[in-house]
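Throughout, read-outs are computed from the coordinates displayed, never taken from laboratory work. These figures come from a predicted structure and were not determined experimentally. Cβ placement follows ideal geometry from the backbone for every residue including glycine, while neighbour counts extend to all protein chains displayed.
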Amino acid sequence: MSGGWVMIPLVLLAALIYTNGIQLLLTLKTQASEMGQESEWMKWIYNPKSATGRAGAIIRYTQENVSQAKHVRRRFEEIRQSMIHNIERRLVFLNTLVAAAPLMGLLGTVIGMLGTFAAISSGGGSETAAKVAEGISEALITTQTGLFIALPGIFLILIVRRRKHAIEAALARIEAMSLTKLKLD
């Protein structure tokens, strides 16, 4: 609490950032594992009934009753939207939380500096020097905490984005393989 009352919202913000980020990573890990291995996809595309997992369901859905490439592409776009939309929405929320951490630290800085200026204006003596030091300390602690929360959060966002792009790439690869097999492209 040496950073003042702003430390409480900073702790809550950190908890929100890291729980949301870890949940996103776990969701993406589950989705990636449900996609199976690329080595299996071609077998599944040629024999959709043997396909398993989410990739199998995607392959069966996209090959069922299609006669034109645009139908296959439209179905893959539906799948992309259903799989990625929720992740994208949560990623925007995570970005907002991470951006708020340094701003919350800056709020603590301003509050600490106001305490410092109030102490300076109160007069001289050893009591004033202690109040000035306390205000500066509060300002620096909240700034440091805000940055300490935000920096790992940025790396967490980058990891989530990388995994999201990997799933999008897998869907694109399955789509290309399906179009090639169906000779609709």
Compactness summary of the chain: radius of gyration and Dmax from Cα atoms, Å, are 26.0, 88
Footprinting proxy, 160, 11: sorted fewest to most Cβ within 10 Å, the residues are 11, 160
Cβ density ranking, 10 Å radius, fewest first, applied to 39, 137, 178 yields 39, 137, 178
Result row for the chain, helices from DSSP H with C-alpha axial extent 15 Å or more and mean Kyte hydropathy at least 1.0, is 7-34
Computed over the chain, the relative contact order (Cα-Cα under 8 Å, seq sep at least six) in percent reads 34 percent
When 76, 155 are arranged by how many other beta-carbons sit within 10 Å of their Cβ, fewest first, they go 155, 76
The alpha-carbon center of the stretch 7-52 and that of the stretch 97-125 are separated, in whole Å, by 41 Å
Counting lysine pairs in the chain that sit 8 or more positions apart or on different chains, with Cα atoms under 15 Å apart, gives 4
